[in-house]
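Report on the following structure.
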Amino acid sequence: MELVKELPEIFEEFAEQRQKSFLVMKEVKDKGIPVIGAYCTYFPQEIAMAMGAVTVGLCSTSDETIPVAEKDLPKNLCPMVKASYGFAVTDKCPFFYFSDVVVGETTCDGKKKMYELMKEFKNVYIMELPNTQNESALELWKKEIIRFKEYLEETFNTTITEEQVRHAVHVANQGRLALRRFYETMKNDPAPMEGSKLFNVLYGSQFKFDKEAMPAEIDALTEKIMKEYEEGEKPERRKRILLTGCPSSGAPMKVVKAIEENGGNVVVYENCGGAKSVDRLIDEDAEDIYQAIAERYLAIGCSVMTPDTNRYELLERLLDEYQVEGVVEMTLQACHTYNVESLSIRKFVNEKKGIPYINVETDYSQADIGQLNTRIAAFIEML
């Protein structure tokens, strides 16, 4: 697949993919294709894909509907939970509106209780995600994945075969590999693009519903980027930053903007929507494909896990592979698990890896942009 457009135009298209997808979603529904919405990286999308459904992410990243949400939810709750509920209850999110089933999971306490309220006006299915990553947890999670398959079969009066599941696994793996090849271009020094453009593609790819066609499109973009990088003038070198912590799409991208405006560049995202979501593949040749799916998803590192060993393993690998010079952890206000874990992340980055670290706690408003710029500018200046 050849991309004839200029790179800035392509990046912009990925950034606008979510808006464009609203119209695509209506076309999908008009064709009678089921839509399954989900809120978390732990959602085993292959099961829904095997049924022929379109899967879409629902996490809201704007403060637009938070005042409405706060009529039902406490003000001192995570902004992502409040925004997600607000967009759902006001019907301002077409993805939520068109979802036949919304899949929730038992990650943080705020989301779990929010789902209970959401069930009053939407078909919500809850997957019980263990908060540990041992053998007994894996056994439970495998049962949950099979239970989810059986729920979809009953709800949509269909049969999901193992052959269909294995095909979905292959398609999803190809997408992960393409995205991994794309973000690995940032291992070059200087990096071939700004971290905000990198994230536009990673995030926008979630709203491309033709999963079989997406890898070729991503690969063509990767090839174009590297061709221009190798043949043209290299970008200005900036301090190499790894971003970790809470999901950073939407309003929290103000942190990335502050990094870029003050001499830094996010060369790798460890968080949801970044390396965490595509780093691991499912073993396509496994004798028990449901076991393989369970192993892949339960191994994702997240602060809801105790202990969160796999987050540190991925973080260490990324710090080395991307020659990171500074770590910025972005935590959302009232996200207790990430805020508490930030202390041990700081110690790990500072003491074990010898790399400077800063934690910035924020919300979905624009009120703290000045403070963010001041703190991040000082941090990058000392690198």
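The values are calculated or read from the model by the stated rules, or taken from the named source; none is laboratory data. Predicted, not measured: the structure shown is a model, and the values here were computed from it. So basically every Cβ, Gly included, is an ideal-geometry build from the backbone, and we count neighbours across all protein chains shown.
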Exercise. Being basic (K, R) and at pLDDT below 95, is that true of even one residue in the stretch 97-111?
Worked result: no
Exercise. Considering only the stretch 229-257, how many residues are without any contact (Cβ under 8 Å) to a residue 12 or more places away in the chain and closer than 16 Å to A378 by Cα?
Worked result: 0
For this session: Tell me which of these V56 doesn't satisfy, since it passes every other one: (1) of a type in the set (V, I, T); (2) within 23 Å of F156 (Cα to Cα); (3) without any contact (Cβ under 8 Å) to a residue 24 or more places away in the chain.
Result: (3)
For this session: Determine the pairs where a residue that is surrounded by fewer than 16 Cβ atoms within 10 Å (Cβ to Cβ), located within the stretch 204-226, has a partner that is among the polar types (S, T, N, Q) and not in a helix (DSSP H, G or I) with Cβ atoms under 7 Å apart, the partner being 6 or more residues away or on another chain.
Result: none
Seminar exercise, completed: Within the stretch 219-239, the residues that are touching a Pro at 6+ places or on another chain (Cβ under 6 Å) and either in a loop (DSSP other than H, G, I, E, B) or farther than 15 Å from S196 by Cβ (or both) are Y229, K234, P235, R237
For this session: Considering only residues that are among the aliphatic types (A, V, I, L, M) and within 22 Å of the chain's Cα centre (by Cα), look in the stretch 350-373 and name the one that is nearest to K239 (Cα to Cα).
Result: I358
Problem set entry | Where a residue in the stretch 80-100 is more than 27 Å from M330 (Cα to Cα) and its partner, wherever it lies, is at pLDDT below 90 and not in a loop (DSSP other than H, G, I, E, B), with Cβ under 6 Å and at least six apart | D91/Y97; P94/F22; P94/M25; F98/M25; F98/K29
For this session: Being assigned to a loop (DSSP other than H, G, I, E, B) and either surrounded by fewer than 16 Cβ atoms within 10 Å (Cβ to Cβ) or free of Cβ contacts under 8 Å to residues at least 60 places away in the same chain (or both) is the filter here, so list the residues in the stretch 338-367 that pass it.
Result: K353, G354, I355, P356, S365, Q366, A367
For this session: Report yes if some residue within the stretch 261-269 is charged (D, E, K, R), at pLDDT 95 or above and either farther than 30 Å from A378 by Cα or within 19 Å of the chain's Cα centre (by Cα) (or both); otherwise report no.
Result: no
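Are any residues in the stretch 78-110 part of a loop (DSSP other than H, G, I, E, B) and over 18 Å from C40 (Cα atoms), and if so, which ones?
Hits for the stretch 78-110 are T90, D91, K92.
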For this session: Please find, among G273, G264, the residue that is within 22 Å of I345 (Cα to Cα), in contact with a Phe, Trp or Tyr (Cβ under 7 Å, 6 or more places away or on another chain) and not charged (D, E, K, R).
Result: G273
For this session: Quick one: in the stretch 119-137, of everything that is of a type in the set (A, V, I, L, M) and touching a strand residue (DSSP E or B) at 6+ places or on another chain (Cβ under 9 Å), which residue is surrounded by the fewest Cβ atoms within 10 Å (Cβ to Cβ)?
Result: I126
Exercise. Which numbered condition trips up F379, out of (1) within 19 Å of the chain's Cα centre (by Cα); (2) buried (at least 19 other Cβ atoms within 10 Å of the Cβ); (3) not small (G, A, S)?
Worked result: (1)
For this session: Considering only the stretch 47-65, state which residues are over 17 Å from P247 (Cα atoms) and not in a loop (DSSP other than H, G, I, E, B).
Result: I47, A48, M49, A50, V54, T55
Exercise. Looking at G301, G274, G250, G263, which is the one that is farther than 19 Å from Q133 by Cα and touching a Lys or Arg at 6+ places or on another chain (Cβ under 7 Å)?
Worked result: G263
For this session: Kindly indicate which of L129, L179, L152 is closer than 17 Å to I300 by Cβ and either at pLDDT below 95 or in a helix (DSSP H, G or I) (or both).
Result: L179
Seminar exercise, completed: The condition of being under 27 Å from D288 (Cα atoms), assigned to a helix (DSSP H, G or I) and of a type in the set (A, V, I, L, M) holds, among A168, A216, only for A168
Problem set entry | The listed residue being in contact with a strand residue (DSSP E or B) (Cβ under 8 Å, 6 or more places away or on another chain) and farther than 30 Å from K239 by Cβ, out of F199, F209 | F209
For this session: Only residues that are over 19 Å from R240 (Cβ atoms) and hydroxyl-bearing (S, T, Y): list them for the stretch 332-383, please.
Result: T337, Y338, S342, S344, T362, Y364, S365, T374
Exercise. Do you know which residues across the stretch 176-192 are within 20 Å of the chain's Cα centre (by Cα) and buried (at least 19 other Cβ atoms within 10 Å of the Cβ)?
Worked result: A178, L179, F182, Y183, M186
